[in-house]
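Read through the structure below, which is laid out as structure tokens, and then see the notes.
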Amino acid sequence: MVSAAPTDTILQPAGLSKPSLAGLTRDGLKAALAAAGVPEKQLRMRVGQLWGWIYAHGVTSFDQMSDVSKELRRTLADLYTLDRPEIVAEQISVDGTRKWLLRLPKLGHEARAPEIETVYIPESDRGTLCISSQIGCTLNCSFCHTGTQRLVRNLEAHEIVAQIMLARDRIGDWPGSEKPADGRLLPNAERKITNVVLMGMGEPLYNFDNVKAAMDVASDDAGLSLSKRRITLSTSGVVPEIPRWGEESGTMLAISLHATNDALRDELVPLNRKYPISELLEACRNYPGLSNAKRITFEYVMLKGVNDSLADARALVRLLAGIPAKINLIPFNPWPNTKYECSDWQTIERFADVVNRAGYASPVRTPRGRDILAACGQLKSESVKLRASARPDAIDPAG
Ligand code: SAH
Ligand code: SF4
């Protein structure tokens, strides 16, 4: 397991003269203001002011902070920026899905600037942003493209938050983005990004502290104010961290189940050898706050001839009996040189019928953004994957 202290201090990215305040926690912001000479007794008030400007209004310049004195605005602008990660590429799918390849500032020891991906999926009743928690992944799920890449490092808390801020910039999801800039905050009903899922690159529970700090920023009522009921963490099954995540974060949970017996799950999700299905489901049954109104989502990728028989479907509903659950059948998204194929549509429909009859509604996740390789498990381009093998600073995937 890779761990790192949560980052709420200001980073000085190599090669950048000024660090950005965008994405910092309240403590991080406080430290930045103290370093800028703001007196101790003013810190709380100033953090509150900046918090609103940065996270409720999405400002990108200190000049927009009209209730902050001109002098302090100038000092802050001398020392810091409000920059977002650099956009290397932005792709827009025919179905409206958008994918951004982002370049993060290099940290001191890094040979090259790391890149991550973030995806926005608009639907009629919601807009979901899929964000990354790590650069690469240490777990080698056999059907996942991210799993073929080395783990480069955990994302810092502010790098996780910055994905949400950048997406809101690009789709015009800040107050005044589309209407006259009257300073009015967008009511939740007008928000484009209503949901956030930690289903991009990486295993979020292996970066617990930073993901937790980032989701606290994302759900802060005076700022980005995303409801915790609309934030979902997806895990491949890091059992010991599940209860702690539930208690400390209060978000929704999704489990990448994908198989109903240990022999097959050992192969698909190798972490199962450490935390088998029975232990995983026990942790789910005990998930804090679990109820019919707050269900766990079980993700099940449809792999042709591997896990898609009707017997598998029946085993799935038997296995989940008694757990307040939703089931998400995910058509497998193929990637170059994978040995798997997506199940036939008819097979998926029959599988879904069994699941539907057991009382689970519309469980098949429609593939989105396929033309821009924006789907689950496909994040991060081939070119980046090839470069990873040459990285001296990469963490051993077995570590
Ligand atoms: N590491 C976490 C979250 C990121 S993966 C996890 O594994 O849960 C998000 C979801 O995409 C998981 O359910 C994962 O199993 C699924 N996934 C990965 N590769 C996929 C692929 N090629 N096609 C469809 N789903 C995939
Ligand atoms: Fe990592 Fe999740 Fe992919 Fe498995 S499915 S390799 S845990 S990102």
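The values are calculated or read from the model by the stated rules, or taken from the named source; none is laboratory data. Keep in mind it's a predicted model, so treat the numbers as computed, not measured. Here the Cβ positions follow ideal geometry from the backbone for every residue, glycine too, while neighbour counts run over all protein chains shown. Areas reflect the complete protein model, heavy atoms only, side chains present, ligands, DNA and RNA absent. Shrake-Rupley method; radii C 1.70, N 1.55, O 1.52, S 1.80 Å.
A few notes on this one:
- Taking each residue as 0.36 nm, the span from ARG103 to ASP78 lengthens on full extension beyond its C-alpha to C-alpha distance by 6.7 nm.
- Expressed as a whole percent, the accessible surface of the stretch 144-286 that belongs to carbon and sulfur atoms is 47, based on a 1.4 Å probe.
- Given a 1.4 Å probe and the protein chains as shown, LEU290 ends up with an accessible area of around 40 Å².
- Solvent-accessible area of LYS70 with every protein chain in place, 1.4 Å probe, in Å² to the nearest 10: 140 Å²
- Between GLN346 and ALA34, the modelled labels are 6.8 nm apart [label points 7 Å from Cα along Cα→Cβ].
- With every protein chain in place, the stretch 26-79: carbon and sulfur % of accessible area (1.4 Å): 48 percent
- For the stretch 86-395, the per residue solvent-accessible surface stands at 40 Å², with DNA, RNA and ligands left out and a 1.4 Å probe.
- Under 19 Å of direct C-alpha separation, and excluding same-chain neighbours fewer than eight residues apart, LYS339 reaches these aspartates and glutamates: ASP266, GLU267, ASP308, GLU382.
- Summarising the overall dimensions of the stretch 86-395 from its C-alpha atoms, the Rg and Dmax are 19.0, 59 angstrom.
- Rg/Rh for the stretch 292-360 (Cα atoms only, Rh after Kirkwood) is 1.00.
- Global dimensions of the stretch 212-364 from alpha-carbon coordinates: Rg and Dmax equal 16.2, 50 Å.
- Estimated vicinal HN-Hα couplings, Hz - the stretch 339-349 in sequence order (Karplus 6.51, -1.76, 1.60; Gly, Pro = x): 8, 9, 10, 6, 4, 5, 4, 4, 5, 5, 5
- Largest to smallest accessible area among HIS109, HIS258 [probe 1.4 Å]: HIS109, HIS258
- Projected label distance in nm at ASP353 and GLU86, using a 7 Å step from Cα toward the beta-carbon: 5.4 nm
- The lysines within cross-link reach of LYS41, meaning a Cα-to-Cα straight distance under 26 Å and a gap of 8 or more places when in the same chain, are LYS18, LYS30, LYS70.
- For SER227, the solvent-accessible surface computed with a 1.4 Å probe is close to 50 Å², ligands and nucleic acids excluded.
- Translational diffusion coefficient (Stokes-Einstein; Kirkwood radius from C-alpha pairs) of the stretch 26-79 at 20 °C, 1.002 mPa s, in µm²/s: 193 µm²/s
- Average accessible area per residue (Å²) across the stretch 26-79 - probe 1.4 Å, nucleic acids and ligands excluded: 53 Å²
- Note: the stretch 202-291, Cα convex hull, 93 Å³ per residue.
- GluC sites (Glu not before Pro) within the stretch 39-110: DSSP coil, no more than 12 neighbouring Cβ in 10 Å: none
- Across LYS274/LYS294; LYS99/LYS192; LYS228/LYS274, pairs whose alpha-carbon gap is larger than 25 Å: LYS274/LYS294; LYS228/LYS274
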